[in-house]
Amino acid sequence: MSRLLIEHTEGLYGRVSIQGAKNSALPILTATLLCDDVCVIDNCPNLSDVDVTLDILSNLGAKVFKEKNSVTIDSSGAKNHRIAKNMMAKMRASILFLSAVTSKIGRAELCFPGGCRLGPRPIDWHIKALSKMGLNVRCNCNGKLFCKVEKNFNGAEINLPLPSVGATENIILAAVLAKGKTIINNAAKEPEICDLCDFLSKCGAKITGAGQNQIEIVGVDKLCGAKHRVISDRIVATTFLAATAMLSGDVKIENIVFDDMKVIIDILRRIGCTVNAKCDTVQIISNKKLKAPGEIITEPYPGFPTDAQALFMAISTISQGVSIFVENIFKNRYKHVDELLNLGANIKAFDKIAVVTGVRELHGNCLYAKDLRGAAALAIAAMAAKGSSILTGAEYLDRGYENFEINFKKLGAKIRRV
Ligand code: EPU
């Protein structure tokens, strides 16, 4: 367990440049397995989840070379169809190898994926969709998954019950090399889905409708290599915006895709922050006297992102008034609530609702992070709290944030790993 010592921080000032998006990089790196030539992926964040993905690719037989934020992958020689349980268990995105490996090699043997425990995270929609496309997917009682191509690996019309990000990605990864046309109805519209489709299109895939309700894919015989730059991480950007709002200060956040963040920026303005946007830079100025955000309801993109729920709950703890959170995406994504209570917050949470009444100040304490975004929210709440805090479980941050404490320290935060 890794720990952070966090002391009360009076304001953040300066500039920070936003890293590439984890949730884009992971599916794109997985997709390189489908390409017959070399791929170069730039702006790839240095994260433990990225390292796991690259380890999986190497174990499958791909040649992987990483230098700073650029990764070169040659999957032409990948022949292995098995992924070890310890690798699958490290993150949720490992499930995307189900269709990538089967499509490349004809069969796959892997296990159920791990990842942050946000309540039950089944993969039934992935399996149902791939089965409809002619893949035979079986699981045994030890949690092993076996998938192989039956006689026909065809496109199909898939109706997702909800716009699942992972299921949409798995179907896309299968459909690009399947025979014929695949239609995904009720597809996820997240910018990370569009980034995956942009990369695959550069490789020769035929995809239309990314970012819309219906995605159409016509399978091709082969995919070539391509060079691609991963989009910037809207949740990391949200983390710096939320921290500046909560602690006060004046920070310029560079390398942002403004249009992907409208819902976040609207709320920050509503609660009393000044937010100026110019090209790919957003400046946030906060004097700390914040109004409560009111109602925050998590929804699929373009709605309020579930990944930002904990961050805005942290802000609400010291904003004036009452905020109501409704977590619609995951069944158990309030693990940060007990820890915020330990800092002196006033929160009543039941099922998917949490009611937060702002208090005058928070006080430092020992905190335990239990998931990635919760860890980030606790870190910024601890910076706002009077006194000092120890945050245990800081390794969660390394899954999604490049140099978390170094970047915050540069802005004036009193934070260090102990
Ligand atoms: N669901 C099912 N069955 C399925 C698939 C999903 O019931 O077969 C349910 C899930 O249990 C959940 C809901 O559908 O309740 C939405 O899940 P989704 O599939 O959209 O999420 P995911 O693909 O598992 C990705 C991100 C998450 C992010 C969510 C929602 C990656 C690697 N993960 O997860 O990111 O919260 O979409 O936007 O892309 C994070 O970065 O910290 C993180 C958790």
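Points to keep in mind about this one:
- Bridgeable aspartates and glutamates around Lys144 (alpha carbons under 17 Å apart, same-chain partners fewer than 8 residues away excluded): Glu109, Asp124.
- Spatially proximal aspartates and glutamates relative to Lys189 (Cα-Cα < 17 Å; intrachain offsets below 8 disregarded): Glu169, Asp198, Glu216, Asp233, Asp259, Asp260, Glu299, Asp307
- Take Leu54: with every protein chain present and a 1.4 Å probe, its accessible area is about 10 Å².
- Ranked by solvent-accessible area (1.4 Å probe, protein heavy atoms only, all chains present), the residues Phe146, Phe304, Phe112 order from largest to smallest as Phe112, Phe146, Phe304.
- Shape descriptor for the stretch 1-120: Rg over Rh equals 1.06 (Cα atoms; Rh from the Kirkwood inverse mean 1/r).
- Packing, as the average of other Cβ atoms within 10 Å across residues, places the peptides 31-43, 349-361, 281-293 in the order 31-43, 281-293, 349-361, highest first.
- Each Lys or Arg adds one and each Asp or Glu takes one away; over the other residues whose Cβ falls under 14 Å from the Cβ of Lys352, this sums to 0.
- For the stretch 262-418, the C-alpha radius of gyration divided by 2.2 N^0.38 Å, with N the number of residues, is 0.99.
- A Förster radius of 25 Å, combined with the Cβ-Cβ distance separating Glu254 from Glu7, puts the computed FRET efficiency at roughly 0.40.
- Within the stretch 22-229, percent of DSSP bridges classed antiparallel, to nearest 5: 75
- Overall, the ratio between the Cα radius of gyration of the stretch 22-229 and 2.2 N^0.38 Å, rounded to two decimals, is 0.91.
- Chain lengthening between Lys179 and Gln214 when straightened (0.36 nm per residue, less Cα-Cα): 10.7 nm
- Lysine pair number, Cα distance threshold 16 Å (strictly under), the stretch 267-397, separation 8 or more or different chains: 6
- Here the convex hull built on the C-alpha positions of the chain has a volume of 123 cubic angstrom per residue.
- The packing ranking, built from the mean of other Cβ atoms within 10 Å per residue, places the peptides 389-395, 235-241 in the order 235-241, 389-395, highest first.
- Of all lysines in the structure, those lying under 18 Å Cα to Cα from Lys151, and not within fewer than 8 positions of it along the same chain, are Lys104, Lys128, Lys132, Lys179, Lys181.
- Length gained when the stretch Val359-Asp36 is fully extended (0.36 nm per residue, less Cα-Cα span): 110.5 nm
The values are calculated or read from the model by the stated rules, or taken from the named source; none is laboratory data. Values in this document were obtained by computation on a predicted structure and should not be read as measured data. Every residue, glycine among them, receives a Cβ derived from its backbone with ideal geometry; neighbour counts consider all protein chains shown. Side chains included, ligands, DNA and RNA excluded: accessible areas come from the protein's heavy atoms. Shrake-Rupley method; radii C 1.70, N 1.55, O 1.52, S 1.80 Å.
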